[in-house]
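Worksheet: the structure to be examined is printed underneath.
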Amino acid sequence: MTQTIKSEPFILNIGPQHPSTHGVFRIKATVDGEKVIEAEMVMGYLHRSMEKLAEERTYTQNIPFTDRTDYLSSMSNNLGYCLAVEKLASIEVPARGNAIRVIMSELQRLASHCMAIGAFANDTGAWQTPVMWAFREREKILDIFEVTSGARLTCNYMRIGGVAFDLRPQFEPMVRKVLNDFPPFLQEMEDLLSGNEIFLSRTRGVGVLSPEMATNASLSGPMLRGSGVAWDLRKADPYCGYEQYDFDIPIGYQGDSFDRFIVRLEEMRQSLHIIQQALDGLPSGPHSTQVPLALRPPKGEAYARIESPRGELGYYLVSDEGPAPYRFHIRPPSFINLSALREMTVGGTVADAIVVLGSIDIVVGEIDR
Amino acid sequence: MSIPVLALATDHWYDLRDLANISDAILDGADKVLPFGIVYVLAALIGFVASFLIFVLPSQLYLGVYGERKIIGRIQSRYGPNRVGPFGLLQPIADAVKLLTKEALTPKESDRAVMYVAPIIFVMPAVLIFAVIPFGPRMVFANVPVSLLYFMAISSLPVIATFMAGWSANNKYSLFGAMRIVAMAISYEVPLVMALLGAVVVTSGAPYAGDFLNGLALQDMVLWSREFHIWVVFVQPLALVIYFICVSAELNRTPTDIAEAESEIVAGYLTEYSGMKWGLFYGMDIGYALGASAFAATVFLGGWTFFGLEKWVPPWMIFIGKTHLFYFLFIWTRGTLPRLRSDQLMAFAWKFLLPLALFNIFLVATERMIWSSQDYAKGLIYVFAVVNIAVSIAAVYGWARFLGYRPENTPVRPRLVKNAGGYIPVGSEANR
C-alpha cells in the first residue's frame, strides 16, 4: 500500500510589514510548503489621493506633488509633469534648459538604479554590502542635487518652461567626479554580483517574463528591455532633445531577474555616456522661459511621457482654462510593471517571489499615489 | 590507549606559556589549607574566570559582536559602531544592557513553555562543546579519547532548540525557519562527517613517541601536526573547504542562512523572540561559530602548534589567534555573498559536497595505505600534500563541470541595440 504525503496550502501574508516589500505593499500568497501557488497583490496602503489633490492647485503648485509619487526619482517625475503642461500650453523650452533637464534626469536614473540594484541584491540575501556600496555612489549624486536645487530627495527643480535655477559653478566639477567614479563602481558591482555563482543561481531563470507577456501587460523600462524588447522612449519618442545624444538600448536575453539586473547596470553606463555628451555640449543662454505664475492653458488635453528609471512615466492633463488642471492623471510605471508579478511568482518558491519583487524595482509611493 | 601528555613549558607556576602551571600551583596550595572538596569548587571558579578572561571576553564579546560589526562595516565602506566608548569599544556592553532591560514578549497564541525552554536548550551545547577543545598541551578540560565524536554529537543538538523555537512561536515565518533548518541540518550533517573522516584517516594510527596517535582525539590531532611539521589542512584541503561550507550551513551563517533569511522570512525561527530570549540565541550563535572555528583550528590548522613557535609564544595564544582567523572567514563570507535558496542548498549538499567528500576519503585512504607501507616516512606526507592540493582543485572543478557549471555560457553584459523596435530574438541584434 502506498501512502502519499499531503500538505495543506495556507495563506502567507508577505507584507505590509515585511523587510522586503520596499514600502507598505502586501502579497497575499497561498503557499504549499515553500511553493507559491497563488499570489494576490494588495495595494493602497500608501494612498494619498494625489490625483484628486492636484485638481485643487495651480499648475506650478502641482510640481512638488510629483516629487512625492516616485520619491526615488523626483527629477524624472518633475520632468514628466512639466512636459505635459508645456504640451498643453505650447511652451518652448530653451536649449540650455533642455540640456540641464537631460543631465538631471540621467543623474536621477543613476541614483535610482543604484537603489534598485542595491535593494535587489539585498533581496537575494547579499547582506547589505551591495546596497551600501550603491548608496556610497548615490550620495554623490544627491549632493549634486542639493547643490543645484537645494533638496536631495524631493528636488522640485523642474519648472514649466525650463528649470528653477541655473547651474552653480561647482556643478560641473561635481558631475565630472561622478563620471569618473561610476565606471569603477559598476565594475565593482559586476565583480561582486554578476560573476557570483550564488547570485546567478538565485536570479537566472527566476521570474521569467516572455516578450509577449511583457508587451501584452504593457510593461516598460528595464522590465520590458530585460525580456529582449528594444523599447526606450528616449529613442522611440524623443523629448528634451534626446535625439542629439548617442547611446544604446541594452536588452536582455530571456527576461529573467538577472537580465533585468544587467540591463539596469548597462543603462547606468549609457546614462554616463549621455551625461558626458550633454555636459560637453552644454549651450549657454537662458535656462528657462518666462511663464505666468497663474498659468491658464487653453482648453484641451495633453499626454506627455518620458522614460523614467522605472519605465514609461506618463502624465495626462485636461484643462478647462482654469488655473488648476481639470483632470490630473499619472501613468505610474511601477504600478503597471507590478501587474506581471503574479505571472512571475506563481510556481516559484517564497524566496523566488522576493527576488522577483526586488527585480521589478517598485516604489510604493508611485503605485499608490 | 593512553593519551600522550607532554609538557613543552617548564612547570614553574610563573610560566604563563601553560596556564595549567599557575592553576596547579594555586590548587595545590589551596588543597593543603582548605577542607577536602572545596578545591574542586575553587578549580571550577578559576576555570570559569580564566576562560572568561582569555577566551569568552575577547572572542564572544569583542570578535563576535564588536569585531564582526566593525569588519562588516569596513567591507560595506562605513564605520561600524563608534559611538559608545572609545572607538565604540563599549558597544557590546551597551547591546547587552539594552537586551537585558528590554521586555521579552511572548505571543498570546504561542506555546509558552516550549518557547521559554528553547533558548535554554540552545545555550547548553554551546558551552559543552568547549570541554574537549585543547587550548594548550595540558589546557584541555576533558581529554576524552573520542572527543571528535563528542563534538559532532553535541554540535548537532542546537537544531532541536531552533526547531522548538520556530514551532512554538505559532508564526508562519517561524515555522518556515524551523522546517528549513531541520531539512538543512540533516543534509549537511552527512558531508560534514564525511569530510572530517578524511582528517581522522590521515592522523589516526601514526606513530608518536613509541605509541600510536588516536585520530578521534583532538589533542592527538594537534600532536600529529607537531610531529610531522605540517597542518592537516595541507593534506586535506578539500576536507577543510567542505567542513567550512557545511558548518556555516549548520550555524546559519550567510550564504546559507536560509533559516533566518531576513529578506524572505523576516527572521525565521527568531521572528517572535525579543529581549534577552532573543539575546541568548544571538549570543550563542556566536558561541557556536567560535566553537566551530576552534574545532577547525584544532583539527585542520594545527591547534596550539605553530612549527616550533609554541615553545616561545604561549600555545593558547596561538590557538586563539587561529580560532579568530577562522572566525574571520565567517565574517568575510557574511559580508560578501548572497544567500542560496533552500532547494539549491540541499542539492548542493547532496550532489556536490557529498560526492567530493567521498572522493576525498577514497583519496586519503589510498594515501594512508601507501604511507603505512612506507613505515610512515615523514617526507612522504609533503608529497601527499602537493598531490592532494592539485587533485582537490581538479576534483572541484571537474565535478562542477560535470554537474553543468558553465560560466562561459552565461552572458554578464546585456545586448546593445541602436534603435527602438519590437522584440529582438537572441542573435539577431547585430545590425539594429
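Values quoted throughout were computed directly from the atomic coordinates according to the rules given, and no laboratory measurement underlies them. Here the structure is a predicted model, which means the values were calculated and not measured. Heads up, the Cβs are rebuilt from the backbone with ideal geometry, glycines too, and the neighbour counts pull from every protein chain shown.
How would A:H18, A:H273, A:H47 line up from fewest to most surrounding beta-carbon atoms within 10 angstrom?
On the way: A:H18 20, A:H273 16, A:H47 11.
The most exposed by this proxy come first: A:H47, A:H273, A:H18.
For trypsin sites (Lys or Arg not before Pro), the sites in region B:81-133 that DSSP calls loop and that have at most 14 other Cβ atoms within 10 Å are B:R83, B:K102, B:K108. With 0.36 nm allotted per residue and the present C-alpha distance subtracted, the A:K28-A:T215 stretch has 64.8 nm of extension available. For A:T30, the residues whose amide H sits under 5 Å from its own are A:L12, A:I37, A:E38, A:A39, A:E40, ignoring neighbours fewer than 5 places away on the same chain, with H placed 1.01 Å from N. The lysines whose alpha-carbon is closer than 30 Å to the alpha-carbon of A:K87, local same-chain residues fewer than 8 away aside, are A:K52, A:K235, A:K299, B:K418. Taking K and R as +1 and D and E as -1, what net charge do the other residues with C-beta under 15 Å from the C-beta of B:W399 add up to? With Lys, Arg at +1 and Asp, Glu at -1, the neighbours total +2. Measuring nothing but how far apart in sequence close Cα pairs (under 8 Å, 6+ apart) lie, relative to its length, region A:10-368 scores a relative contact order of 27 percent. Using bins of 20 Å that start at zero, the share of Cα-Cα pairs per bin across chain B amounts to 22, 51, 23, 3, 0, in whole %. With θ taken as phi - 60° and the Karplus curve 6.51 cos²θ - 1.76 cosθ + 1.60 applied, the whole-hertz 3J(HN,Hα) list for region A:206-223 is 9, x, 6, 10, 6, x, 5, 4, 5, 6, 5, 7, 6, 6, 8, x, x, 4 Hz, x standing for glycine and proline. For the pair region A:166-225 and region B:117-155, the centres of their Cα atoms are 48 angstrom apart. Rounded to the nearest 500, the helix-only mean residue ellipticity at 222 nm of chain B stands at -18500 deg cm²/dmol, with each DSSP H run of n ≥ 4 adding -39,500 (n - 2.57).
Where nothing but the Cβ of Lys and Arg (+1) and of Asp and Glu (-1) is charged, how large is the charge dipole of region A:10-368 around its Cα centre, in debye to the nearest 20?
Details: 34 positive and 45 negative charges, 149 e Å.
The calculation lands at about 720 debye.
Derived scalar couplings between HN and Hα for region A:85-93 equal 5, 4, 5, 5, 9, 6, 10, 8, 9 Hz in order, rounded to whole Hz, by the Karplus curve 6.51 cos²θ - 1.76 cosθ + 1.60 (θ = phi - 60°), x for Gly and Pro. When each pair of different Cα atoms in the protein assembly as shown is counted once in the 1/r mean, what is the Kirkwood radius in angstroms, to one decimal? This gives a value of 29.8 Å. Alpha carbon centre of region B:257-329 versus region A:102-153: separation in Å? Result: 35 Å between the Cα centres. When the helices of chain A are scored as -39500 (n - 2.57) per DSSP H run of n ≥ 4 and the total is divided over every residue, the value at 222 nm lands at -14000 deg cm²/dmol.
Counting Lys +1, Arg +1, Asp -1, Glu -1, what net charge surrounds B:E68 among other residues with beta carbon under 13 Å of its beta carbon? Could you put the intermediate results ahead of the total?
Details: positive: B:R69, B:K70, B:R74, B:R253, B:R334; negative: B:D95, B:D285.
Residues near B:E68 contribute +3 overall.
Mind jotting down the distance between the C-alpha centroids of region A:1-38 and region A:345-369, whole Å? The two parts, judged by their Cα centres, are 14 Å apart.
Percent relative contact order of region B:110-405, based on C-alpha pairs within less than 8 angstrom and at least six residues apart? Working shown, then result.
Working: 443 pairs, mean separation 73.2, N = 296.
About 25 percent, as a whole number.
Counting only residues at least eight positions apart within a chain, or on another chain, the lysines with an alpha carbon under 16 Å from that of B:K102 are B:K277.
Phi angles of region A:187-193 translate, via the Karplus equation with coefficients 6.51, -1.76, 1.60 and θ = phi - 60°, into HN-Hα couplings of 4, 4, 4, 5, 4, 6, 10 Hz per residue; Gly and Pro are given as x. Each Lys and Arg adds +1 at its Cβ and each Asp and Glu adds -1 at its Cβ; summed about the Cα centre, region B:110-405 shows a dipole of about 240 debye.
The lysines within cross-link reach of B:K311, meaning a Cα-to-Cα straight distance under 24 Å and a gap of 8 or more places when in the same chain, are B:K322, B:K378.
For A:G300, nonlocal amide neighbours, meaning residues 5 or more places apart or on other chains whose placed amide H falls under 5 Å from its own, are A:S319, A:E321.
Modelled spin labels at A:E197 and A:F10, positioned 7 Å past Cα toward Cβ, are 3.6 nm from each other.
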